[in-house]
Number of protein chains: 2
Amino acid sequence: MTYCLGIITDTGFVMASDSRTNAGVDHISTYRKLFDFSKPGDRVILLCTAGNLSVTQGIVSELDRDIKSQEDVNLHSLPSMYEVARYIGTKLRKVQEIDEHWLKKDGIEPKCSMLLSGQIKEQEPCLFLIYSQGNFIHATKETPFLQIGETKYGKPILDRTLSFRTHLEAAAKCALLSIDSTMKSNISVGPPINLVLYEKDSLEIKNFLKLRLGDPYLAKIRKVWEECLKQGFNEIPDIDWQHRGSDFSEDVLID
Amino acid sequence: MTYCLGIITDTGFVMASDSRTNAGVDHISTYRKLFDFSKPGDRVILLCTAGNLSVTQGIVSELDRDIKSQEDVNLHSLPSMYEVARYIGTKLRKVQEIDEHWLKKDGIEPKCSMLLSGQIKEQEPCLFLIYSQGNFIHATKETPFLQIGETKYGKPILDRTLSFRTHLEAAAKCALLSIDSTMKSNISVGPPINLVLYEKDSLEIKNFLKLRLGDPYLAKIRKVWEECLKQGFNEIPDIDWQHRGSDFSEDVLID
């Protein structure tokens, strides 16, 4: 499995991913899932991938090849992030189609999904989720984050704390904690964590981080966070068990 | 969907459940999923249910009927919690078998699962998870909580804060927050929340709570908790973006 998320705010965006890939519990590997296709000064383009590894690697290879061979249509030539998303969706469909028949014959899912974030010069930053069918949605002010892969464990912390107005550094910490919570609760998601913070209109990636297993910063934030949660229980007012006037048997007992 | 959890500690146990049932998004109802079959002074028995509602209601009805008609084997006559779990597992298989053919014919899942907690006089308290196949496991000191239904959203908070030594009142708050987090992130889980705290060797239920939508206590703990999480971000040391010596392009960029 995989867990990747993107957060967009009024001052930029954050992208984060884990690096664990597994085909069953006895075949676990480490693969990067966060890719940078930026052209500094002109555009920033980041891609996170989840799903069938042969398919997602195929897509990334073709995207890269099209840039290097200077195809008419490539990630550096397209005029808007909308068209970039459309182009990647089309690539995804194409690569899936090549292998689909052979995979499904053996009960293997060719499905994958992607997060795409970026900014093209003189345009607004955008964040997209590209589905396995090649269609896509974008994040909005009301829903400023998108997730792919093993998304449930890490969602409550995002739901409780994020908005489009959240400070970008706080959003980056939130992304780290969301991934770290998922890693702790589900062994199919694992380190290293890749994290990128992009400041709107800078048109280059200045802030990135790769946190390996046992990284002291990761250990530190885990410790501080767990203490904070335990402290939270103390701050929550005690449960008033007399709150309900009725008898337990009247209310919860079957009769 | 449903979310129920049980926590066992060295001084007792906590059981909690939401009350939402849905058959698609346009058929949402409220049903109790926490049932009390205790015989005060002799034994405490609590059951939480998830899965196909007609099956779980059938099981609960049969368990109740067997007590009232004083069958030789019933929840009040069995000599140990292990045998209680075995008996409920057998009931589950029986009720599923009655409807299985007719449900599966129309693509409806007869699956269900249950949490069982209890204590019989002069024995130790126990917590079981009964699977849809009728087999079961019990919680241990190393794994002091069990969940059924929509379990992922509420798991990180349990993984980060609970142990067998956790104070029982703190465990109850943790259970509430685990359910509240799930309700906030997933509309298939909803109020009222039923919560029971059982003190070891008391052999009766003294502490229970039903929290309805808009309950001021629920609103209060949600507010305090969200403030605590935001505060937590401030306490986490700032990300040191210079932490990595390598160039981004060397490390994260495709090449």
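The values are calculated or read from the model by the stated rules, or taken from the named source; none is laboratory data. Only a predicted model underlies this, so the values are computations on that prediction, with no experimental measurement involved. Cβ atoms come from the backbone with ideal geometry, glycine included; neighbour counts cover every protein chain shown. The area values use the complete protein model at the heavy-atom level, side chains included, leaving out ligands, DNA and RNA. Shrake-Rupley method; radii C 1.70, N 1.55, O 1.52, S 1.80 Å.
Loop-located trypsin sites (Lys or Arg not before Pro) in the stretch B:141-192 (DSSP state not H, G, I, E or B) with no more than 15 neighbouring Cβ atoms inside 10 Å: B:LYS141, B:ARG165. Sorting B:ASP72, A:ASP159 by solvent-accessible area of protein heavy atoms yields B:ASP72, A:ASP159, largest first, with a 1.4 Å probe. For A:LYS206, give me every one of the aspartates and glutamates with a C-alpha distance below 15 angstrom, ignoring sequence neighbours fewer than eight places off in its own chain. Qualifying aspartates and glutamates at Cα under 15 Å: A:ASP36, A:ASP42, A:GLU169, B:ASP240, B:ASP247, B:GLU250, B:ASP251.
For the stretch A:1-233, the solvent-accessible area of protein heavy atoms averages 42 Å² per residue (probe radius 1.4 Å; ligands and nucleic acids excluded). Compared with the dominant Cα axis of chain B, that is its longest principal axis, helix B:81-105 is turned about 90°.
Rg/Rh for the stretch A:1-233 stands at 0.97; both radii use Cα atoms, and Rh follows the Kirkwood definition. Compared with the dominant principal axis of the Cα atoms in chain A, helix A:168-185 is inclined by about 70°. Among the protein heavy atoms of chain A, carbon and sulfur supply 50% of the accessible surface, probe 1.4 Å, non-protein parts ignored. Taking GluC sites (Glu not before Pro) across the stretch A:165-244, the ones in a DSSP loop with at most 14 further Cβ atoms lying within 10 angstrom of their Cβ are A:GLU204.
Pairing chain A with chain B buries about 6900 Å² of accessible area. This figure sums both sides and uses a 1.4 Å probe.
Over the stretch B:46-124, the pair-distance histogram of Cα-Cα distances with 10 Å bins from zero comes to 18, 48, 26, 7, 1 percent, rounded to whole numbers. For the stretch A:152-249, the pair-distance distribution built from all alpha carbon pairs, in bins 5 Å wide starting at 0, is 2, 10, 16, 19, 17, 12, 8, 6, 4, 3, 2, 1, 1 percent.
Calculated FRET efficiency, A:ARG65 to B:LYS141, Cβ-Cβ distance, R0 = 51 Å: about 0.40 to the nearest 0.05.
To the nearest 0.05, how large is the calculated FRET efficiency for A:ALA23 and B:ILE108 if R₀ is 45 Å and r is the Cβ-Cβ distance? That gives a FRET efficiency of 0.90. Full extension of the segment from B:THR30 to B:GLU122, taken as 0.36 nm per residue of separation minus the current Cα-Cα distance, would add 29.4 nm. Other residues lying with their Cβ under 13 Å from the Cβ of B:CYS126 contribute a combined charge of +2, Lys and Arg counting +1, Asp and Glu -1. Estimated translational diffusion coefficient (Stokes-Einstein, Kirkwood radius over Cα pairs, 37 °C, 0.692 mPa s) of the protein assembly as shown: 132 µm² per second.
In chain A, the longest principal axis of the Cα atoms and the axis of helix A:216-235 are about 30 degrees apart. Simple spin-label estimate for A:LEU213 and A:ASP238 gives 4.4 nm between the two label positions (7 Å along the Cα-to-Cβ direction from each Cα).
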